Structures are given as C-alpha cells and as structure tokens.
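What follows is a set of notes on a single structure, which appears directly below.
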Amino acid sequence: MAGSIPDEDEEVLTLDEQTRRPLNTALRQQRIAAWNPYLDPWWVVATFLVLAAIFIPVGFKIQSMSNQVVEVRVEYDRWNDPNPLCGIGQTPNANVNCTLRFNVTKDMEPPILVHYELSNFYQNHRDYVKSRDNYQLLGSLTQTRQQALVCEPLNKLGNITLNPCGFIANTLFNDVFTLANTEFIMQEKGIAWASDLEYMFAQPEGFQAEPCPNGDCSSACCEGEEWSCEVPYQNKQDEQCYRYFYPNDNTTQYLYETYPQVVSPLEGVTNEHFVVWMRIAALPTFRKLYGYIEDPIPAGTILEFNVNANFEITSFEGSKALIISTNNMFGGRNVWFGPFFYVSGFICLGLGLFFGWKQQCRPRKIADKSYLHFKLD
C-alpha cells in the first residue's frame, strides 16, 4: 500500500518514553556538512607529483645523514667459524677472556654508542615473548598458578624458585665488555628507558641493603638473621662493602646468583643491562645498547675492549659482534631508510607522468554515460 512507512518506535512508545532515542541534531543524525573530494585524473596526477617532490629529496638527505655515521664492527664469535676471535663453542658460562681491537679511521663525535649484536636469536617467538612474570619483576613474592605456568619450564629448578622466572630473564646476554683504553670511559648507566626502570622493575618486597659499619668487609658484616648475605658485596662504583637481605633466600635463586658476572646483588632486576635485554627485539638479528662514550675519538685511535665471553651461540647457529658507532636524529646507520623514501618517490613520479600523459593524449570524460553498460547488454 502506498504511503509513508510508520515509525515502529512511535507505535510502541510515546516520544517522552523513548529514553534511548538519539537527539534530532545534525551530529547525532549524521547531517553535518562534509567535504567529499572528487579526485579527477588531474588531481591524482598532481598528488603523485607532489609526493615525488617530497619523497625524493628527503630520501637522499636521509641517506646522506646515514652515510655520515661512523661505524666499526667486529664479529668475535660465530657458530660455524673454525677460528673465531673469542669463541666458546658449546660451553655456556665458559668464562673465556679475549681482547677486541677497533681501528677508528674517521673522527667520532659523542655520544659514541657501544652495541652488541646477536644473529638468529628469535626473541620475538610467541612462547619466548610471553614467558615472564611482570608482577614478579615488580617485586611481588607471590605467584598465581597461571603466572607459574606461563614461566614453565623455567619457573623452578627442583625445589628452588627462580626469581625472575621465564625464558627472557634466564637467557640474559652475559658477555662482559670492558674498555681497556684509560683515556676513555664507557658509561653503562642511562642505557635503559627511564619509564622501564620506574614502572616495570623493582627489587623483591623486603629487600634491603646498607654499607657495612666501619668499612668492615669481612663475613662478620653479614652476621645476624636480618641479613641473607654470607659475605658482603664490594660495590665497584664507590669501593664500599654492602650487606643485603633477600627474602626466602634459601629457597629462591635470584638474578644476581644466576648471572654474577653481570648483575650485582644491590641492583638485581634493576640492572640496566638486564632491563635492556627484557625489552625484546622484533627481528632475529638485533643490536642492544651496552654503553656509550662521551668523549670524541680522533681518527687513527685503536680502541681495545676486554671481553669475558659466556653467552653460547652454537645451539641456535648464531653469531656475536661488538659495534661502536655515532648516530644521527634517526638513530644509527640504516642502509634501507633513505632508499625507501627516494624509490617510493621515483615510483610516484613515474605514475604521475604516466597518468598525466594518458590523460593528455586520451582524456576520459567525467560522467560519460557511454562507459555504462547494463549487464544484459
């Protein structure tokens, strides 16, 4: 039957009773004026040419900045290298010492970054990524069944609880690098994100530490039930001896006990090398910041790093390298970033010229009905 379609809501409820009915405004009823651009062929051609004019010079500028980055890389271990500079084979925690030499051929201006590089190590694997207990990393001593299952099989070793648990924490890169050149200092503080240190990592609840009274560095400093240490820890920064207490120390293996070469009992999970490692990499070949040098290094300098090698790479067929480099506003050297821009720009330029030539030589009339065909024609 001809006529208007009745409003079903109005048949059921009066307008006063319809509490969920949208207001009759332009915003609620989608009647706001809008700009609907009509991109005819010349607009498309102009867009491609403008993108080309932006991308091409930006790409070459980024590549030029990347080429100015000074980078020196030394690979010191590879799983299939018969004569690595500092190989440890299939022996984890081998405690092998060696020296790496870097020949600086160009002047390097600070900050000069020191990275280690791993290859073929899949930190982005799903089981690896989820294998952590964030509450435990924040100091919690209680663990739910679900959190324990997430950390398996590295949640307990027999009757000993691992704190922190999980794959990420218990595969920490534990090679140690020391700069041998006395005229330069490698800083290892300030390499982790400040937000990570503040909001994601904390010592276990109940942890405490204090300097030994009267500078006593003997085991007598740790006497008393209020301290869990057997001998005090001598801090390398201030050369003082500290006594400390970790809760449930008899039934728990803490990070400083798992990795004594890297982590001190005073820092625990707040150690910045550990915090950097816990921020997982997206690709199997990756670099992580180990330290930085704040003094300029002139060309011709020979930098020497003493390496204490402990991280085994043969089991996953990987390699290890140490890299020193300068940086720019986009980070370190990147051979793909600049070409990505100017190649995209050249593609846009080619498309713009092609469509412009086509529209000039064989223009297509907008809204030409001759291009419309009924499906049965």
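Overview of results
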read-out	value
Residue list for region 64-94, restricted to those being hydrophobic (A, V, I, L, M, F, W, C), open to solvent by 90 Å² or more (accessible area, probe 1.4 Å) and in contact (Cβ under 8 Å) with a residue 40 or more places away in the chain	Trp79
Selected residue (only one of Asn170, Asn214, Asn174 is under 22 Å from Gln147 (Cβ atoms) and among the polar types (S, T, N, Q))	Asn170
Looking only at region 171-204, and only at residues there that are among the β-branched types (Val, Ile, Thr) and under 22 Å from Gln123 (Cα atoms), the one that is surrounded by the fewest Cβ atoms within 10 Å (Cβ to Cβ)	Thr171
So Arg101, is it more than 20 Å from Phe286 (Cα to Cα), open to solvent by less than 80 Å² (accessible area, probe 1.4 Å) and outside any helix (DSSP H, G or I)	no
Only listed residue being under 27 Å from the mean Cα position of the chain (by Cα), over 15 Å from Trp277 (Cα atoms) and open to solvent by less than 60 Å² (accessible area, probe 1.4 Å), chosen from Leu138, Leu118, Leu113	Leu113
Check on Lys61, surrounded by 12 or more Cβ atoms within 10 Å (Cβ to Cβ), basic (Lys, Arg) and assigned to a helix (DSSP H, G or I)	yes
Unmet requirement for Gly332, which otherwise passes all of (1) under 24 Å from the mean Cα position of the chain (by Cα); (2) closer than 22 Å to Val176 by Cβ	(2)
Any helices (runs of 4 or more DSSP H) falling wholly within region 112-223 and containing at least 3 residues that are touching an Asp or Glu at 6+ places or on another chain (Cβ under 9 Å)	145-151
Residues of region 158-170 that turn out to be within 15 Å of Val276 (Cβ to Cβ) and open to solvent by 40 Å² or more (accessible area, probe 1.4 Å), as a count	0
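Yes/no per residue for (1) outside any helix (DSSP H, G or I); (2) over 30 Å from Gln360 (Cβ atoms):
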| residue | (1), (2) |
| --- | --- |
| Val44 | no, no |
| Ile54 | no, no |
| Ser66 | no, yes |
| Cys86 | yes, yes |
| Asn97 | yes, yes |
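The values are calculated or read from the model by the stated rules, or taken from the named source; none is laboratory data. Since this is a predicted model, take the numbers as computed values, not measurements. Here Cβ is always computed from backbone atoms with ideal geometry, including for glycine, and neighbour counts include all displayed protein chains. Accessible surface is based on the protein model in full, side chains and every heavy atom, while ligands, DNA and RNA are left aside. Shrake-Rupley method; radii C 1.70, N 1.55, O 1.52, S 1.80 Å.
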